[in-house]
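Working notes for the structure below.
The values are calculated or read from the model by the stated rules, or taken from the named source; none is laboratory data. Here the structure is a predicted model, which is why all the values come from computation and not from measurement. Every residue, glycine among them, receives a Cβ derived from its backbone with ideal geometry; neighbour counts consider all protein chains shown.
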Amino acid sequence: MQQHRTHRVAITERARDVLRQLIEQHGAVLLHQSAGGCCDSSSPLCFPIREYQIGRADVLFGYLPWHTEFWMSADQYELWKHTHLTVDVTSGRGSGFSLEASDGVRFLIRSRLLTDAEAALVSPPRTGADRMT
């Protein structure tokens, strides 16, 4: 019996709609979840893919619709490597750096622990260093 790998990130319908609008306006985008700094891990930030430099230690956590990459810092990955994340959206401005902020909404993360069965099927993470080779 073939086992399928576990998807570690999902998106709500409302967030999917916002993501689609951002892609239509800006072209391909990515989401990045940092650990610390001005946003202190509060929300993933959305950037045009051509304008954001992925760091060598950043971890590719998964994909959202339209091949949208969801990256996070290595420190954040260490905290969340046993979780499944769902990207959602809520009213209110988050970081002014993130594309959705101008629409009066912000992305947010809902999380749950992976089950043992899911954790057994998680693929090893790729990093920004892998992307550069």
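Could you check how many residues of the range 63-88 are in contact with an Asp or Glu (Cβ under 8 Å, 6 or more places away or on another chain) and either surrounded by fewer than 19 Cβ atoms within 10 Å (Cβ to Cβ) or closer than 11 Å to Leu30 by Cα (or both)?
The qualifying residues number 4.
Please state which one of Leu99, Leu64, Leu108 is of a type outside the set (Phe, Trp, Tyr), at pLDDT 95 or above and closer than 16 Å to Val18 by Cβ.
Leu64
So which residues in the range 4-44 are more than 24 Å from Val122 (Cβ to Cβ), at pLDDT below 95 and among the hydrophobic types (A, V, I, L, M, F, W, C), if there are any at all?
Once the filter is applied, which keeps residues that are more than 24 Å from Val122 (Cβ to Cβ), at pLDDT below 95 and among the hydrophobic types (A, V, I, L, M, F, W, C), the range 4-44 yields Cys38, Cys39.
So which residues in the range 89-102 are charged (D, E, K, R) and surrounded by 14 or more Cβ atoms within 10 Å (Cβ to Cβ), if there are any at all?
Glu100
Being without any contact (Cβ under 8 Å) to a residue 60 or more places away in the chain and of a type in the set (A, V, I, L, M) is the filter; apply it to the range 107-119 and report the residue that is nearest to Glu69 (Cα to Cα).
Pass one, the range 107-119, residues without any contact (Cβ under 8 Å) to a residue 60 or more places away in the chain: 110-113, 115-117.
Pick out the ones that are also of a type in the set (A, V, I, L, M) and you get 113, 117.
Working: Leu113: 21, Ala117: 24 Å.
Looking at the filtered set, the residue picked out is Leu113.
Condition test on Leu79, is it in a helix (DSSP H, G or I) and either touching a helix residue (DSSP H, G or I) at 6+ places or on another chain (Cβ under 8 Å) or farther than 17 Å from Val18 by Cβ (or both)?
Numbers: in a helix (DSSP H, G or I): yes; either touching a helix residue (DSSP H, G or I) at 6+ places or on another chain (Cβ under 8 Å) or farther than 17 Å from Val18 by Cβ (or both): yes.
The answer is yes for Leu79.
Sort out which residues of the range 112-129 are exposed (fewer than 12 other Cβ atoms within 10 Å of the Cβ) and either modelled with pLDDT under 90 or of a type in the set (S, T, N, Q) (or both), and write them in order of number.
Matches in the range 112-129: Thr115, Ser123, Pro124.
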